[in-house]
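Contents: one structure, followed by commentary.
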Amino acid sequence: MEKLILVKYGELTTKKDNRNYFINALVKTIENKLNNINYRIEKDYYRMFIYADDVDMVLPKIQGIFGIHELVIAYKIINNDISNICESVCNILNDVTFNSFKIETNRSDKKYPIRSNDISRMVGAHVLKNFNSVKVDVHNPDVLMNVEIRREAVYLYYEKYSGMKGYPVGTMGKALLMLSGGIDSVVAGYLTMKRGVCLDFLYFESIPHTSIEARNKVISLANLLYNYGNMGKLYVVNFTKIQEYIYKNMKSEYLITFMRRMMYRIAEDIAKKTHSIAIVNGENIGQVASQTLTSIHVVNEVTNYPIIRPLATYEKLEIIDVAKKIGSYDISILPYEDCCTVFVPKHPVINPKLDLIYEEEKNFDFNLIDEALNNIMVITIPTIQKTNNEYL
């Protein structure tokens, strides 16, 4: 028997004529994760097979890859004689502690002379004969042994691990994520990546009103998303002069609205220059004053770029659950303010009027936008961490 990892594609199988494109993208992502391991990959239209000197080392490295429905530790046997299948199953189960079991057979090779149900019965009878005090349980077995009969070989497995599902990152193009450092935006990025989108990141800082620690928190979140297969750059925009100008010269209850409109102008310019085809953010309908439908409409009005809001209908507790699942929550709650939390008015408008905004923005110094765009800091992700608070 040869031990290997069997990869099940899941949603990739719905792509029909484009399936090979998605499969090849998944292979490339896996290869990037396994660059220090001796392995080989075989693939076909329905399954992928990963062989390695140490299969147990491979598994944790690829569990965080989007595009995989399920991962299976499998055992391959070439001799498909039923007696050899029975013996091989018992050899595998010798290393397993169990009181009940079930045999489930999938006979994709229809030329195999024994039907699936008969194979399951014959293998099950052999297990009962060779193991004392075990029983068959078809509803809730301790071990569910799968027998997969294919033309080239037979695959036996009982260890299954749920994959990340979705599509391989990059198969659906590139977008620019507005990454604030809070809980929501990184979760929005994660969910967008799950749909096959590769991300660059945009962070607005307002030093000295925000800190270097706040920037490093965002770098940590971008590095975290790299672990899920993303390859991108972080664009850090100095937003201080713009934010101070808005605070001193524009209608106070509209501060957040003006700030968000300026951010979207900058985001659109960066998205065009970096060939992103959409902008992503963590906005959620009604969560704060700037996220009413009226406010979202008014802010959106400054750009023709598609804005993706994966969290639009999520409750906060649902977002927190995802953040904890992906490992971003503890980073996001570090007590370093971002520029969206400074200069917040006491009574922000929830139904801003476009006519008023047009009138106010006539006097805005748009040279500040150009200055910010001409002084962007670009950080390649992943970074190399020097200390707990500094990055190369």
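Assorted remarks:
- Across region 185-236 the C-alpha pair distances fall into 5 Å bins from zero in the proportions 5, 20, 32, 21, 12, 7, 3, 0 percent.
- Using C-alpha pairs below 8 Å separated by at least 6 residues, the relative contact order for the chain is 16 percent.
- Compared with the alpha-carbon gap, the fully stretched path from Gln63 to Arg40 is longer by 6.6 nm at 0.36 nm per residue.
- For Ser100 and Lys165, a Förster radius of 30 Å and the Cβ-Cβ distance give a FRET efficiency of 0.55, rounded to the nearest 0.05.
- Sorting 332-341, 177-186 by average packing, meaning the other beta carbons within 10 Å per residue, from highest down gives 177-186, 332-341.
- For the listed peptides 237-243, 96-102, 204-210, a ranking on the average number of other beta carbons within 10 Å per residue, highest first, reads 237-243, 204-210, 96-102.
- Helix 82-93 and the longest principal axis of the C-alpha atoms of the chain enclose an angle of approximately 60°.
- Taking Cβ atoms as reference points and 14 Å as the exclusive limit, the residues near Pro113 contribute a net charge of +2, counting Lys and Arg as +1 and Asp and Glu as -1.
- Positive minus negative residues near Thr274 (Lys, Arg vs Asp, Glu; Cβ under 9 Å): +3
- Between the alpha-carbon centres of region 193-207 and region 1-50 there is a gap of 27 Å.
- Label-to-label distance, nm, for residues given as Tyr245 and Ser83 (7 Å Cα→Cβ offset): 8.6
- The label point for Glu213 and the one for Phe131, both projected 7 Å from the Cα toward the Cβ, are 5.4 nm apart.
- P(r) tail fraction, region 2-162 - alpha-carbon pairs more than 21 Å apart, %: 50
- Against the rule of thumb 2.2 N^0.38 Å, how large the Cα Rg of region 174-381 comes out: 0.96
- For His69, neighbours were defined as the other residues whose beta-carbon sits under 10 Å from its Cβ, and their charges (Lys and Arg +1, Asp and Glu -1) total 0.
- Calculated mean residue ellipticity at 222 nm for the chain: -11000 deg cm²/dmol, from DSSP H runs with n ≥ 4 weighted as -39500 (n - 2.57), summed, divided by the residue count and rounded to 500.
- Burial ranking of peptide ranges 21-27, 188-194, 254-260, 310-316 (average Cβ count within 10 Å, highest at the top): 188-194, 254-260, 21-27, 310-316
- C-alpha long axis of helix 255-273 to longest principal axis of the chain, angle in °: 60
- By the beta-carbon count within 10 Å of each Cβ, the least crowded to most crowded order of Met263, Met250, fewest first, is Met250, Met263.
- Its residues counted as N, the chain yields a C-alpha radius of gyration over 2.2 N^0.38 Å of 1.26.
- Of Ile119, Ile326, Ile279, the one that fluctuates the most in a GNM where the chain has Cα springs shorter than 10 Å: Ile119
- Among the listed pairs Lys248/Lys362; Lys33/Lys324; Lys8/Lys111; Lys8/Lys165, a Cα-Cα separation exceeding 19 Å is found for Lys33/Lys324; Lys8/Lys111.
Read-outs throughout are calculated quantities, based only on the coordinates presented, and are distinct from any laboratory measurement. Because the structure is predicted, anything quoted here is derived from the model rather than measured. Positions of Cβ are generated from backbone atoms using ideal geometry, with glycine treated the same way; all protein chains shown enter the neighbour counts.
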